[in-house]
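The values are calculated or read from the model by the stated rules, or taken from the named source; none is laboratory data. Note that this is a predicted model, so its numbers are computed, not measured. When we count neighbours, we look across all protein chains shown, and the Cβ atoms used for this are built from the backbone with ideal geometry, even at glycine.
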Amino acid sequence: MHASHHKQHLSGAERIVAAEKIESVATELVQRAQSKGCPPDRISITIDALGDRMPRALQALDVITLTAPDSDSGRSIALTALQHAGVSFHAARKAITDISRGASPSGQVMRGAMIVDAESGSRLEPDQERGVRASRFDWSDEAKDDIKRKLSAIGLMHFRTREALALATKITHAPGIVAELCWSDDPEYTAGYVASPGMGYVRLSHLKKSGDSNGGRAFFVNAESFTLAEFIEYVHQEPVLIVETGNCRQETTAEIFFAGHPTHLNTR
Ligand code: AMP
């Protein structure tokens, strides 16, 4: 589902469902599109048959929240986390700046994600206005119940966390991926995350100030280890069903967390 107002992205969601659930899920998604503060003037729902393409079964990333009482501390921790994952200081800082001011060339929120060279910080997505949208991912019914329970136990009740965790899990299995950075464009939702195959899903409760409607996503890649076409094909087309949950740990400080991840910090 994608909802927009005056061609500006408002909200989106992805599901993988059995054929008999299409109608009820479509209704759910329309309600979701209309529940945003700003009423959309366009809601599109695209329904694709997966045919004989069996979804790839994945285990969700482990989840941890690092204490970040305000957006400055959140962004500083995100910068460190990205460097721990192998992103250069320059590329990480540039992506944070791009997202904070509206990452499309016209300075608006993108509908999809930037693809960023993890070393040079160059933007690689073919359409910088739109970005690339991860599609075709969802939780199995059992894993969804399990993750709701585990996330609630650490105080994370919002559906956004669950959906972002599903997206991040798909993306960390993409060819050439190094890390992902995201914060929401919803002005009331200040949380975001850094995710990587080695660190898991590292949530930060503040990556922006309340009331700020800029947000976005960056997929950092090692451009030498894959072709862009392969990466985009995976992001758009490969169906992924998350059938198993990971660990969901209590909030801790960045110092404690990074001490347990003694990886080489990319300071370039
Ligand atoms: P949200 O957390 O839904 O507010 O999304 C935050 C930002 O991530 C949006 O402004 C988009 O730029 C980007 N985004 C949202 N959904 C997707 C997706 N499915 N694939 C890639 N990027 C997305």
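Points to keep in mind about this one:
- Exclusive hit being at pLDDT 95 or above and touching an Asp or Glu at 6+ places or on another chain (Cβ under 9 Å), set A143, A78: A143
- Residues that are over 11 Å from M1 (Cα atoms) and either assigned to a helix (DSSP H, G or I) or in contact with a Leu (Cβ under 8 Å, 6 or more places away or on another chain) (or both) within the range 32-42 comprise Q34, K36, C38, P40, listed in sequence order.
- Leading residue by the ranking (surrounded by the most Cβ atoms within 10 Å (Cβ to Cβ)) among those in the range 112-147 that are more than 16 Å from the ligand (Cβ to nearest atom) and under 18 Å from the mean Cα position of the chain (by Cα): A118
- Taken over the range 148-161, residues that are touching a helix residue (DSSP H, G or I) at 6+ places or on another chain (Cβ under 8 Å) and either surrounded by fewer than 17 Cβ atoms within 10 Å (Cβ to Cβ) or over 17 Å from L66 (Cα atoms) (or both) amount to 2.
- Per-region count, the range 11-31, residues assigned to a loop (DSSP other than H, G, I, E, B), more than 23 Å from A113 (Cα to Cα) and either of a type in the set (G, A, S) or touching a Gly at 6+ places or on another chain (Cβ under 7 Å) (or both): 1
- Any hit, the range 46-62, residues being modelled with pLDDT of 90 or more, within 14 Å of the ligand (Cβ to nearest atom) and among the aliphatic types (A, V, I, L, M): no
- Restricting attention to the range 154-186, the residues that are assigned to a loop (DSSP other than H, G, I, E, B) and within 23 Å of S210 (Cβ to Cβ) total 8.
- Lone qualifier among A218, A229, A223 - being in a loop (DSSP other than H, G, I, E, B), over 15 Å from L61 (Cβ atoms) and aliphatic (A, V, I, L, M): A223
- Single condition I171 does not satisfy, out of (1) at pLDDT 95 or above; (2) over 12 Å from L61 (Cα atoms); (3) buried (at least 18 other Cβ atoms within 10 Å of the Cβ): (2)
- Every condition in (1) in a loop (DSSP other than H, G, I, E, B); (2) of a type in the set (A, V, I, L, M); (3) under 27 Å from F257 (Cβ atoms) holds for V116 except the one numbered (1).
- When the residues of the range 175-184 are filtered to those that are buried (at least 22 other Cβ atoms within 10 Å of the Cβ) and more than 11 Å from the chain's Cα centre (by Cα), the one that is farthest from the ligand (Cβ to nearest atom) is V178.
- Enumeration of residues in the range 198-216 that are more than 16 Å from the ligand (Cβ to nearest atom) and crowded, with 19+ Cβ neighbours inside 10 Å: M199, G200
- Scoring F219 on the criteria (1) within 16 Å of the ligand (Cβ to nearest atom); (2) in contact (Cβ under 8 Å) with a residue 60 or more places away in the chain; (3) over 15 Å from the mean Cα position of the chain (by Cα) leaves a single failure, condition (3).
- The residue pairs whose first member lies in the range 135-163 and is without any contact (Cβ under 8 Å) to a residue 40 or more places away in the chain, whose second member is buried (at least 16 other Cβ atoms within 10 Å of the Cβ) and assigned to a helix (DSSP H, G or I), and whose beta carbons are closer than 6 Å, counting only pairs six or more residues apart or on different chains, are R162/I147.
- Single unsatisfied condition, E230 versus (1) over 20 Å from the mean Cα position of the chain (by Cα); (2) exposed (fewer than 14 other Cβ atoms within 10 Å of the Cβ); (3) under 21 Å from L124 (Cβ atoms): (1)
- A count restricted to the range 43-85 and to residues that are free of Cβ contacts under 8 Å to residues at least 40 places away in the same chain and either over 30 Å from I22 (Cα atoms) or part of a strand (DSSP E or B) (or both) stands at 3.
- Looking at S196, S140, S135, just one residue is closer than 24 Å to P55 by Cα, touching a His at 6+ places or on another chain (Cβ under 7 Å) and among the small types (G, A, S), and that residue is S135.
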